[in-house]
1. Six or more apart or on different chains, Cβ under 9 Å: which pairs go from a residue in region 57-74 that's within 21 Å of GLY17 (Cα to Cα) to one that's of a type in the set (Asp, Glu) and outside any loop (DSSP other than H, G, I, E, B)? Could you list them?
2. Need the failing condition index for VAL98 against (1) touching a residue at least 24 places away in the same chain (Cβ under 8 Å); (2) more than 17 Å from ALA121 (Cβ to Cβ); (3) not charged (D, E, K, R), just the number.
3. Across region 44-56, what is the total count of residues that are free of Cβ contacts under 8 Å to residues at least 24 places away in the same chain and not polar (S, T, N, Q)?
4. Has region 142-150 got any residue that is part of a helix (DSSP H, G or I) and either among the β-branched types (Val, Ile, Thr) or modelled with pLDDT of 85 or more (or both)?
5. When you check VAL95 against the structure, is it in a helix (DSSP H, G or I) and either surrounded by fewer than 21 Cβ atoms within 10 Å (Cβ to Cβ) or in contact with a strand residue (DSSP E or B) (Cβ under 6 Å, 6 or more places away or on another chain) (or both), yes or no?
6. Please pick out the residue among LEU88, LEU59, LEU76 that is surrounded by 15 or more Cβ atoms within 10 Å (Cβ to Cβ), among the aliphatic types (A, V, I, L, M) and touching a Phe, Trp or Tyr at 6+ places or on another chain (Cβ under 6 Å).
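The values are calculated or read from the model by the stated rules, or taken from the named source; none is laboratory data. Every value quoted in this text rests on a predicted model; they were computed, and no experiment measured them. Methodologically, a virtual Cβ is constructed for each residue, glycine included, from the backbone with ideal geometry; neighbour enumeration extends over all protein chains shown.
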Amino acid sequence: MQLGLKGHRVAILATDGVEQVELEKPRKALDDAGAITQLVSLEAGTIQAFNHLDKGDKLEVDVTLDEAQASQFDALFIPGGVANPDALRTDERAVQFVREFMVADKPVAAICHAPWMLVEADAVAGRTLTSWPSLKRSTRRWCGSSPAGWTRRSWTRCRSRASRRATRRRGRKPLG
C-alpha cells in the first residue's frame, strides 16, 4: 500500500533512553514509504537506545534541536520508552519544537509514553489520545472530558495527530 510519503520530511525526536523498537520499526516503515527521516536530538553524536531495561544500540543523531526548525519538516514522530519523553519534556527547546508542529497543524505521531510531550507542549486540549496506561490520568486532565480525552485503544487518530500505546516487542504479545 502506498502511503504517499515520498519526499516528505519527518523529524524523529528522541534522546537517550528511547525504546529502540519504537524508533526503528516506525522509521523503517516511513523510509520504506518514501519519507525522508531525520533523527533530531538534544545534542550531536549518538543516543543510547534501550530494549526495555537493557541497553540497545547507539543511534546516530542527524540534527540537533539547536539546528532543526519545525518549518523544515512535514511531520513529527516521537517514539516512546519512559526515559525518552521524560528527558525531552524537561528541555524547553524540545517542548517548543513539538508545540510548533501542533500549532502549525502538522501531522504528529507519538508512541507509548511520548504523548507526555504533547501534554507538556500544552497542545492536547479537546483531543483524544492513547498512551501507555500510566499516563491515563494526566492525559485526561489535559485533554478534557468526553468525547475527547484518553482512550484505551491500541492506537487513535485525532485530526492530524496519532498516538499509539506501544509497538509489539519481540517475543511478547501485543498490548491491549
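1. Pairs found: ASP57/GLU24; LEU59/GLU24.
2. (2)
3. Within region 44-56, the first condition is being free of Cβ contacts under 8 Å to residues at least 24 places away in the same chain, and the residues that meet it are 44-46, 53-55.
Add one more test, that the residue is not polar (S, T, N, Q), and what stays is 44-45, 53-55.
Final tally of qualifying residues: 5.
4. Kept after step one, since they are part of a helix (DSSP H, G or I), are these residues of region 142-150: 142-143.
Imposing the further condition that a residue be either among the β-branched types (Val, Ile, Thr) or modelled with pLDDT of 85 or more (or both) reduces the set to none.
No.
5. Numbers: in a helix (DSSP H, G or I): yes; either surrounded by fewer than 21 Cβ atoms within 10 Å (Cβ to Cβ) or in contact with a strand residue (DSSP E or B) (Cβ under 6 Å, 6 or more places away or on another chain) (or both): yes.
Yes.
6. Numbers: LEU88 fails: touching a Phe, Trp or Tyr at 6+ places or on another chain (Cβ under 6 Å); LEU59 fails: touching a Phe, Trp or Tyr at 6+ places or on another chain (Cβ under 6 Å).
Of LEU88, LEU59, LEU76, the one residue that is surrounded by 15 or more Cβ atoms within 10 Å (Cβ to Cβ), among the aliphatic types (A, V, I, L, M) and touching a Phe, Trp or Tyr at 6+ places or on another chain (Cβ under 6 Å) is LEU76.
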